[in-house]
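The values are calculated or read from the model by the stated rules, or taken from the named source; none is laboratory data. In this text the structure is predicted, and so the values were computed from the model without any measurement. Using ideal geometry, Cβ is built from the backbone for each residue, glycine included, and neighbour counts are taken over all protein chains shown. Surface areas here come from the heavy atoms of the whole protein model, side chains and all, with no ligands, DNA or RNA. Shrake-Rupley method; radii C 1.70, N 1.55, O 1.52, S 1.80 Å.
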Amino acid sequence: MKVIKTIAEARAERGELGTLALVPTMGALHRGHMSLIEIARRSAPRTAVSIFVNPTQFGARDDFGKYPRPLSSDLEKCAAAGVDLVFAPDDAEMYPGEMMETIVDFPSLTTVLEGKHRPGHFRGVCQVVAKLFNILEPDFACFGQKDFQQLRVLQAMVEMLNWNIEILACPTIREPDGLAMSSRNQYLTPPERERAVAISKALFSAQEMVKGGVKQASRLSTAVQHQLLAKHFQIDYIASVDPITLKPVEIMTGPTVIAVAARLGSTRLIDNVVVEPGND
Ligand code: PAF
């Protein structure tokens, strides 16, 4: 496995690699990332992983400073998983001099949900992923469905800017009790970790309500809200949205994403499920 730190080295290596699947990450790799790497390896003969904690997607109140950066154990995991190339640049390599001002934005997709609570977040995500796509020129790129809005924004970016890259949507990987895997789960204290499972439980019970015939999004939100408030979450949003436009859905007629963002102490967790109402 080659570990490279500069854009020049990445360009030099790229020619040798042929068809390539990229897994962009911010490191602190967990089983969720490892499943993205597995999907990448099944999709293309060569796999690259980028590890870069991107400053431009963090807001002033976010956790950029304390975001975990266990590079050597990340590299061991990548090597064991059969990754061919790791691109791990530093901030100065990605953003020399002044922070770059070039932005890609899709306000109808980026100012709602996470974008409303983390203004500028998706501009930073699009900026860094656009740079990674131009540096590594992958044929495939893998993103997790846990960050379903990120996935949708990046699909739109690739479509609108005509990149010849196939975005692979990869299923959310969960802990045995249902908590969606996230590098931020390690911030939870043991009692918070116990309460955190309420998010996935509430979403799964909303899924059951839809199976049972409920189609009004407001009924689902109320049920989810009760369960989260009972565990003393501070709720940022509970939303039912169209998976393509991210517009709110009132009565479900087709696939709908139920998305939650909520805080336990200083840790912010997000999760979602896709539901599909039956015909009756
Ligand atoms: O999902 C993430 O870890 C990041 O947002 C990404 C896509 C690697 C961009 O920094």
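Hey, does the range 56-64 have a residue that's outside any loop (DSSP other than H, G, I, E, B), within 13 Å of the ligand (Cβ to nearest atom) and within 17 Å of the chain's Cα centre (by Cα)? So far as the range 56-64 goes, yes, one or more of its residues are outside any loop (DSSP other than H, G, I, E, B), within 13 Å of the ligand (Cβ to nearest atom) and within 17 Å of the chain's Cα centre (by Cα). Taking residues in the range 21-45 that are in contact (Cβ under 8 Å) with a residue 12 or more places away in the chain and basic (Lys, Arg), and partners anywhere that are away from the ligand (no atom under 13 Å from the Cβ) and open to solvent by less than 20 Å² (accessible area, probe 1.4 Å), the pairs with Cβ atoms closer than 6 Å and at least 6 places apart or on different chains are Arg41/Thr47. Count of the range 19-43 residues, restricted to those that are of a type in the set (A, V, I, L, M, F, W, C), over 17 Å from Gln145 (Cα atoms) and out of contact with any Ser or Thr (no Cβ under 7 Å at 6 or more places or on another chain), is 1. Is at least one residue of the range 259-279 without any contact (Cβ under 8 Å) to a residue 60 or more places away in the chain, of a type outside the set (S, T, N, Q) and open to solvent by less than 60 Å² (accessible area, probe 1.4 Å)? The answer is no, given that none of the residues of the range 259-279 is without any contact (Cβ under 8 Å) to a residue 60 or more places away in the chain, of a type outside the set (S, T, N, Q) and open to solvent by less than 60 Å² (accessible area, probe 1.4 Å).
Can you name the residue in the range 134-154 that is within 22 Å of Pro171 (Cα to Cα) and over 12 Å from the mean Cα position of the chain (by Cα) and is also most open to solvent (accessible area, probe 1.4 Å) among such residues? Residue satisfying both the conditions and the ranking: Asp139. Filtered by the rule that a residue be more than 16 Å from Met26 (Cα to Cα) and either within 16 Å of the ligand (Cβ to nearest atom) or in contact with an Asp or Glu (Cβ under 9 Å, 6 or more places away or on another chain) (or both), the range 85-101 gives Met99, Met100. With a requirement of 2 or more residues that are touching a Cys at 6+ places or on another chain (Cβ under 9 Å), the helices (runs of 4 or more DSSP H) lying completely within the range 95-188 that satisfy it span 148-160. Tell me, please, whether a residue that is within 12 Å of the ligand (Cβ to nearest atom) and closer than 24 Å to Arg61 by Cβ can be found in the range 130-139. No; the residues of the range 130-139 include none that is within 12 Å of the ligand (Cβ to nearest atom) and closer than 24 Å to Arg61 by Cβ.
For the range 208-221, indicate whether the set of residues that are under 23 Å from the mean Cα position of the chain (by Cα), surrounded by 16 or more Cβ atoms within 10 Å (Cβ to Cβ) and assigned to a helix (DSSP H, G or I) is non-empty. Checked the range 208-221: at least one residue is under 23 Å from the mean Cα position of the chain (by Cα), surrounded by 16 or more Cβ atoms within 10 Å (Cβ to Cβ) and assigned to a helix (DSSP H, G or I).
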